[in-house]
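Participant: Below you will find the structure I want to go over with you.
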Amino acid sequence: MTEDDIRAVLADEAARAVPGSVVVERLRAPRRRRGGLAAAVAVAAAAAVAAVSIPLMAGRDAPAAPVAPAAPAPARNVVVIGSDGGRADSIMLVRVDAGRVAVLSLPRDAWVDIPGHGMGKLNSAYLSGPEAMVAAVERLTGQPVDHYAAVEMAGFQRLADAVGGVEVCLRAPSADGFSGADFPAGRQSLSGAAALAFVRQRHGLPNGDLDRVVRQQVFARALVDKLVTTVLTDPGRRAELTALVEDVVDTDPGWSPVAMAAEATGPVRVATIPIADVNGTVGGLAVLKVDAAQVAAFTAEFFAPAGSTAPPSGPPAPGGDGCVN
């Protein structure tokens, strides 16, 4: 699977708008919490944030009574972080603009300039806290960041259990002792530890962390579909999910994702930043080389305002069967 294949899969995911006629009615502002988790539960928790946030952002039932039109909210960018042991395992930049939602994946191994710290892997910025990660993302993408949301790793497994499993599809059998992955080829429903292993695995995959990014996005899409079609239609399960979100989401003080989610009504688009060299090394360390100018141009185009005449980035979406490495 080449990088073009990876982008084709992502484009296919992006092309399918997330349905959403159900909304989580109430989320209290997440509590600020910190602390690393054991390596055994390292996972791309940005998928969990997307799974909860996208149904909120992707569509709602019509209001019971007419509501006076409000002035359009300004576009806002949010960095979504999933960390383990102080390092971010997953980083996404989410933009909401005029009701549209765009989610840009930033591979953790991207070799970038971390303001005040020099060059390093993007995930290492989180060692100095969310503010350092925000600064690194701003430098890389050329976009201002308004807020951040971080997720506790262990919460991902609880979320997968809470929805009763998520269907995924693998092109070939996959096993990895580091993540605990051991899957047959084909379609299968994953929950709990198996779901955790699926989004954690990078060893044994043809394209390493890039394949893991694809898995994270595919899993998030399937999780969203499961939420909006089954889980969130049940008031009892919706309340359970609300309580779970409170336990796993952490934001900058005084901000809640719900406020922004209320502004978003359009479909969700997904992409990954361009990688200049997928086999890069620095001092013997395997990294993903990126061209900051190319990334900034790609991000500006992907985040283009509603009504922009800029063409969509990336290759055309293929037919595909939705299966991944």
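The values are calculated or read from the model by the stated rules, or taken from the named source; none is laboratory data. Please read these numbers as outputs of a predicted model, since none were measured by experiment. Using ideal geometry, Cβ is built from the backbone for each residue, glycine included, and neighbour counts are taken over all protein chains shown. SASA here: full protein model, heavy atoms, side chains in, ligands and nucleic acids out. Shrake-Rupley method; radii C 1.70, N 1.55, O 1.52, S 1.80 Å.
Participant: Find all pairs meeting these conditions: Cβ atoms under 7 angstrom apart; at least six residues apart or on different chains; first residue within region 271-284 and open to solvent by 10 Å² or more (accessible area, probe 1.4 Å); second residue assigned to a loop (DSSP other than H, G, I, E, B) and of a type in the set (Asp, Glu).
Facilitator: That search, which allows pairs on different chains as well, returns 276/291.
Participant: Another one. Name every residue in region 285-309 that is charged (D, E, K, R) and touching a residue at least 24 places away in the same chain (Cβ under 8 Å), in order of residue number.
Facilitator: 289
Participant: To continue, here is another question. Do you know which of the residues in region 87-131 that are among the β-branched types (Val, Ile, Thr) and under 14 Å from residue 271 (Cα atoms) is farthest from the chain's Cα centre (by Cα)?
Facilitator: Result: 101.
Participant: Turning to a different aspect of this structure: Report, by residue number, each residue of region 222-269 that is under 23 Å from residue 199 (Cα atoms), modelled with pLDDT under 75, open to solvent by 20 Å² or more (accessible area, probe 1.4 Å) and within 17 Å of the chain's Cα centre (by Cα).
Facilitator: 225
Participant: Listed residues 320, 283; which is more than 19 Å from the chain's Cα centre (by Cα) and either at pLDDT 75 or above or over 29 Å from residue 204 (Cα atoms) (or both)?
Facilitator: After applying the criteria, what remains is 283.
Participant: Return the residues of region 83-128 that are more than 25 Å from residue 279 (Cβ to Cβ), touching a residue at least 60 places away in the same chain (Cβ under 8 Å) and either β-branched (Val, Ile, Thr) or outside any strand (DSSP E or B) (or both); say none if nothing qualifies.
Facilitator: Hits for region 83-128 are 96, 98, 99, 101, 103.
Participant: Here's another thing I want to ask about it. Working carefully through the options 214, 151, 199, 168, find the one that is closer than 23 Å to residue 270 by Cβ, touching a residue at least 40 places away in the same chain (Cβ under 8 Å) and touching a Gly at 6+ places or on another chain (Cβ under 8 Å).
Facilitator: Among 214, 151, 199, 168, only 151 is closer than 23 Å to residue 270 by Cβ, touching a residue at least 40 places away in the same chain (Cβ under 8 Å) and touching a Gly at 6+ places or on another chain (Cβ under 8 Å).
Participant: Follow-up question, since we're still on this one. Against the condition open to solvent by less than 30 Å² (accessible area, probe 1.4 Å) and under 23 Å from residue 248 (Cα atoms), how does residue 170 come out, does it pass?
Facilitator: Answer is no for this residue.
Participant: Going by the structure shown, is residue 212 modelled with pLDDT of 80 or more, crowded, with 19+ Cβ neighbours inside 10 Å, not aliphatic (A, V, I, L, M) and not in a helix (DSSP H, G or I)?
Facilitator: no
Participant: Residues that are assigned to a loop (DSSP other than H, G, I, E, B), open to solvent by less than 10 Å² (accessible area, probe 1.4 Å) and β-branched (Val, Ile, Thr): does region 143-152 have at least one?
Facilitator: No, region 143-152 contains no residue that is assigned to a loop (DSSP other than H, G, I, E, B), open to solvent by less than 10 Å² (accessible area, probe 1.4 Å) and β-branched (Val, Ile, Thr).
Participant: I'd like to know if region 193-207 contains one or more residues that are out of contact with any Cys (no Cβ under 9 Å at 6 or more places or on another chain), open to solvent by less than 50 Å² (accessible area, probe 1.4 Å) and part of a strand (DSSP E or B).
Facilitator: Among the residues of region 193-207, not one is out of contact with any Cys (no Cβ under 9 Å at 6 or more places or on another chain), open to solvent by less than 50 Å² (accessible area, probe 1.4 Å) and part of a strand (DSSP E or B), which makes the answer no.
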